[in-house]
Amino acid sequence: MSIQNELGEYLFLCEEMQKLQNFIVESPEPYCLTISPKKYMRPAGLGNKRFAFALMALTHGDETAGIGIVNALLRLALAGIVQIPFPIALILGNIEAAERGKRLWQSDLNRSFGLEAKDVATYEEKRARQLSGILKETLFFLDIHQTIEPSACPFFIFPYYKESYAFARAIGYRHHIVTHWGKPFSVSGKCTDQFVIDHGGVGISIELGQRGLHPEQIGDGLGLTLNSFGEISHFLNKGEHLSFSKNRVGETEEGKLFTFSQIEKFEADGKFSLRPGLTNFQPVREGDNLGTLDEKPLRANSDGFILFPKYTSPMPGKAGEAIRILKPISAVDLPKAD
Ligand SMILES: [Zn+2]
């Protein structure tokens, strides 16, 4: 299936969903679907939020597994195999970039949330404003991403908050977590997950693997979504915290924790050239040659793992990042309060 086919399929499935008798199905913004069970008693745990859960896909237009997950979920809901247990929102982010087969069109949607009206110019910045209302009304939020280069494994990535960490651990016990705290990820506009967090929700992102409509990644993302339904229902109905126990199977090892030990940025029109063949979660040793940045040798500052290596700039002529290095941490290294 191509992205055009998937977008067409999505619109078809949305029309089919609107025929269901037991749900209120609406499209408050283009390529956004909200689904609420008609007989739904709002639990206290939902607070002032409208949606217990929102799933976002195509935040980057060429990370296509997300729309595969949304369509798979809609097909299962239409077949009555999956029950939608509470009000949810399904959001497709950067449609203009997706239709062009690109990561972004005029700017990065995942750096476009929370801008002042006067600072909104690009398609993505306008789209972020369109989607903001739904994200502000969301309690638990999962944003689906994929990496540019291959990845040895899927991994969660989000700014550290104890609720976000609990949510990720509860729905994806065996997935690695990359988290960070202190300085914001982006100084211009906000990422989706940070925007949800700043409005009192719980926001996380997952990188499923290298971009594309890969069935095993769609299966993984669908699994995380269905786990979210279970964990959030438990949280809302029992008034209990997210459980860490349900997804533990036998002696399966818990996913590991990482944070950044090195971030290599380039200025507008800066030059960088990475050593060929670098992939996500590839191990590196301190001093390893990574390539060049501004014509100077670029080396790993510590032992760790490669993250987000880039061979071309997503926005030519603009500042950006060439590569990051991850270091393993353990739960005791996480901030005590947030
Ligand atoms: Zn992405």
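Which residues make up the longest stretch of the chain that has no GluC sites (Glu not before Pro) in a DSSP loop with at most 15 other Cβ atoms within 10 Å?
117-239
If the cut-off is a Cα-Cα distance under 17 Å, which aspartates and glutamates reach LYS318, setting aside same-chain residues fewer than 8 apart in sequence?
Excluding near neighbours in sequence, the set is ASP108, GLU124, GLU125, GLU264, GLU267, ASP269, ASP294.
Which whole-number percentage describes the relative contact order of the range 3-238, with Cα contacts under 8 Å and a sequence gap of 6 or more?
Computed value for the range 3-238: 24 percent relative contact order.
Find how many whole Å separate the alpha carbon centroid of the range 127-198 from the alpha carbon centroid of the range 59-75.
17
Hey, got a sec? Which trypsin sites (Lys or Arg not before Pro) in the range 125-179 land in a DSSP loop and have at most 16 other Cβ atoms within 10 Å?
In loop regions of the range 125-179 (DSSP not H, G, I, E or B), the sparsely surrounded trypsin sites (Lys or Arg not before Pro) are ARG174.
Quick one: TRP181, TRP105, fewest Cβ neighbours within 10 Å first, how do they rank?
Ranking TRP181, TRP105 by Cβ neighbours within 10 Å, fewest first, gives TRP181, TRP105.
Would you list which lysines come within 23 Å of LYS336, measuring only between C-alpha atoms, while excluding same-chain residues fewer than 8 positions from it?
LYS162, LYS183, LYS256, LYS327
Restrict the search to the range 10-63; then list the trypsin sites (Lys or Arg not before Pro) that DSSP places in a loop and that have at most 13 other Cβ atoms within 10 Å of their Cβ.
LYS19, LYS38, LYS39
Against the longest principal axis of the chain, how steep is helix 162-171, in degrees 0 to 90 to the nearest 10, with axes from Cα atoms?
In the chain, helix 162-171 runs at an angle near 70 degrees to the longest axis.
Return one number: the angle in degrees, 0 to 90 and rounded to the nearest 10, between the long axis of the Cα atoms of helix 3-17 and the longest principal axis of the Cα atoms of the chain.
Between the helix axis and the principal axis of the chain, the angle is about 20 degrees.
Each value in this text was obtained by applying a stated rule to the coordinates, not by laboratory testing. Predicted, not measured: the structure shown is a model, and the values here were computed from it. Here the Cβ is made from the backbone with ideal geometry for all residues, glycine too, and neighbour counts use every protein chain on show.
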